[in-house]
Each structure stands twice: as structure tokens, then as C-alpha cells.
Ligand code: ISE
């Protein structure tokens, strides 16, 4: 067997993989992981999926069969340790992230971890400390967190507009986060940790400051809410500099996938997420209407963002580093969601406790 020198040391080269191609293992091939395998296989250059791992072996085998040369490695930690793997995408359930991300850091290989980084602020901080220690020794970062909205052209444009000063100082941000439906196990807590978490990252990304406190209001629930759960929720973030971000999170609208963000600033405002592609006018039985299509789900709405995110991650990983939100962003999101769940339960304004870096 031939070998090659990489950031991780001397690795065996698989016969059918070009020497400079990043050999990726994808852990967890449910909806998101299978999507990433297909993306890496068909649309991303410079990388190849060489291994997949999933608790459901049948599913792993089915996904692997679509990618020539891809193996199934049953144990995800064995996949991370495998000398034929240069980098890892983690799309497994959140409770496994901590051990898997730490194993990547200990082996010194780049990893793209879907949110959440870990299940709570304390364990996310442990990952921050482990990667900081690696970075102090090597000067490189390894962990990128899958906040894909940062790569969406509309969010990037909105951030650029704020940074240009053209609309003046931002004061208030309004966020709408609506899903057509969620599975029956989806609780109000998950609305914070799974859905609002994206708005946490958006607020920090657009305004470039931390969130200091969270308040959660429970309006009258829709009759379509998962039994016993509060849906919609109204969440406010008080930013460290005094700006306010409000989020309407409504996950059983029965309509489609709607994610909008409006920044209200001193000299104007700007909004994204209108799905205003083709505007159609038709005569309908009850009168003429003007309509546009709405993305049915997050994979359609953010498909381009995922492609850009993964291509940039691959390009950076081939240099042994990352190019996107890192461990601190993952930790800050965990800390805000911890405060958010507390605020949901208590009905009280809850301060976010961030550690020193
Ligand atoms: C899901 O996990 C996502 O990440 C979607 O972007 C979000 O809209 C949805 O509410 C979450 O459940």
C-alpha cells in the first residue's frame, strides 16, 4: 500500500482516490447526512466520501452503494480513527456530537459538525478548550459548525449591507421562522434548540455581538400544535450593545418553509427571505391573485447555502483548517439556547452566562 503525508500524519492512499482529494467520512446518514453524501459526491470538487457510519446499518449500506469506493464503518469512532479518512462530516444525532468532535480534535483532522455542537453549554465549552489547546500548538482550527445560513447569498448580502454603513446603525431585527409541520416528538424546548438556534446564530452573525439575555412568550397555541406544546413562540434576544432581536417561531403553520429577516436601522431597513422569484398573476374562482412560490423545506430554501458551505469547508480542510463558524459560535449558541429553554420554562427574562475565552 502506498502512503501520503497529510496534516494527520502518514496515511494510506486508497488506490482509486487521487492523492490530493480529501477523503471524507460522513457520520449519520439520516436526511441531512444523506444529503451531504449526495452533495459531496455530485456537486463538490476536491473531496470524496470514502466511508459512512450510521446506527441503522441498512441505511448506511444503501447510501454507500450510491458512491463508488465508499465503505460502511459501523463504529463512528473507528471511522474517525481510520487512517484512510482525512476529514469528517458529523450529521449524527446531537447527543453523539461531543465524543465525535473531540475524537476529531484529538486526531487532528478537520470536522464539519451539524448543529448543535453539543447538547449543552458546558460540554460545548469543553470542545472550545480542546480546540484552543490544539490551535495553540499548531496555529490551526479544526472544528466548523454547520450554521449554513452564513453561506446563504441573501444573509451574506444583508451582513455586507450593514457593514457598509448604508442603512446606518441597526436597532431592531425581526426574524420569522416558520415550518409547515414537525414530527410528533417535537417539543417547545426543541423549537428553541433546533429552530430558534439558527436565529441565535443569525443575530450574532449580522450584529457582530453576543446575546446578553433571552425572554420567551407563549401566545395562544395553534390547534395544530403538537399535543401539549406551545406553538408559536415569541422570543426576544437582548444584544450586549442594547439592540433587540425578536423571533416568531411557528413550526406547525401548514403552509411551507418561511424564514425572513428584517433589519431596522437608523437610516433605513432591509429584508431578506421573501421568496420573490417569479411573481405570477392569475384569475382564480374567488378573484384575481398575485402569487409566488414558497420553498417547501429547509433543504430547498438553503440548498445553495449548503453547497457553498461544504465547498468552502472542503477547500479549507485540504489546507488542514476551516472556513466558517467555529467552536466559539457553537458554544455561544449552546449557551443562548440553555438560557432560552430556562426562559421558556420560567416565563422570566434569563441572562446568558458566557465563559471567558
Ligand atoms: C431543523 O433541524 C433545521 O435545522 C431547520 O433549518 C429548521 O427550520 C427546523 O425548524 C429544524 O427542525
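The values are calculated or read from the model by the stated rules, or taken from the named source; none is laboratory data. Since the structure is predicted, the reported quantities are computational estimates derived from the model, not experimental observations. Ideal geometry is used to build each Cβ from the backbone, glycine not excepted, and the neighbour counts take in all protein chains shown.
Is the stretch 283-294 home to any residue that is within 16 Å of the ligand (Cβ to nearest atom) and part of a helix (DSSP H, G or I)?
no
Check 340, 303 and return the single one that is closer than 26 Å to residue 230 by Cα and within 23 Å of the chain's Cα centre (by Cα).
340
For the stretch 46-58, enumerate the residues that are in contact with a helix residue (DSSP H, G or I) (Cβ under 7 Å, 6 or more places away or on another chain) and surrounded by fewer than 17 Cβ atoms within 10 Å (Cβ to Cβ).
If the condition is that a residue be in contact with a helix residue (DSSP H, G or I) (Cβ under 7 Å, 6 or more places away or on another chain) and surrounded by fewer than 17 Cβ atoms within 10 Å (Cβ to Cβ), then 46 is the only one that fits.
Among the candidates 141, 159, 137, which residue alone is part of a loop (DSSP other than H, G, I, E, B) and more than 16 Å from the ligand (Cβ to nearest atom)?
It is 141.
For the stretch 97-122, what are the residues that are in a helix (DSSP H, G or I) and in contact (Cβ under 8 Å) with a residue 60 or more places away in the chain?
100, 107, 121
Please work out if residue 259 is touching a strand residue (DSSP E or B) at 6+ places or on another chain (Cβ under 7 Å), closer than 25 Å to residue 190 by Cα and within 13 Å of the ligand (Cβ to nearest atom).
In short, yes.
In the list 148, 190, which residue meets the criterion of being within 11 Å of the ligand (Cβ to nearest atom) and without any contact (Cβ under 8 Å) to a residue 12 or more places away in the chain?
Checking each option against the conditions leaves just 190.
Of the residues 220, 204, only one is surrounded by fewer than 18 Cβ atoms within 10 Å (Cβ to Cβ), away from the ligand (no atom under 11 Å from the Cβ) and not assigned by TED's automatic domain parsing to the domain that holds residue 92; which?
Result of the check over 220, 204: 220.
Failed condition for residue 116, given (1) surrounded by fewer than 17 Cβ atoms within 10 Å (Cβ to Cβ); (2) within 16 Å of the ligand (Cβ to nearest atom), with all others met?
Among (1) surrounded by fewer than 17 Cβ atoms within 10 Å (Cβ to Cβ); (2) within 16 Å of the ligand (Cβ to nearest atom), residue 116 violates only (1).
Is it true that residue 245 is buried (at least 19 other Cβ atoms within 10 Å of the Cβ), touching a helix residue (DSSP H, G or I) at 6+ places or on another chain (Cβ under 7 Å) and assigned to a strand (DSSP E or B)?
yes
From the residues in the stretch 248-267 that are over 21 Å from residue 159 (Cβ atoms) and assigned to a strand (DSSP E or B), which one is nearest to the chain's Cα centre (by Cα)?
Checking each candidate, the answer is 249.
Out of the residues in the stretch 170-187 meeting the condition of being away from the ligand (no atom under 12 Å from the Cβ) and buried (at least 18 other Cβ atoms within 10 Å of the Cβ), tell me which one is nearest to the chain's Cα centre (by Cα).
173
Would you confirm whether or not the stretch 62-69 contains a residue that is more than 29 Å from residue 298 (Cα to Cα) and modelled with pLDDT of 95 or more?
Yes - at least one qualifying residue is present in the stretch 62-69.
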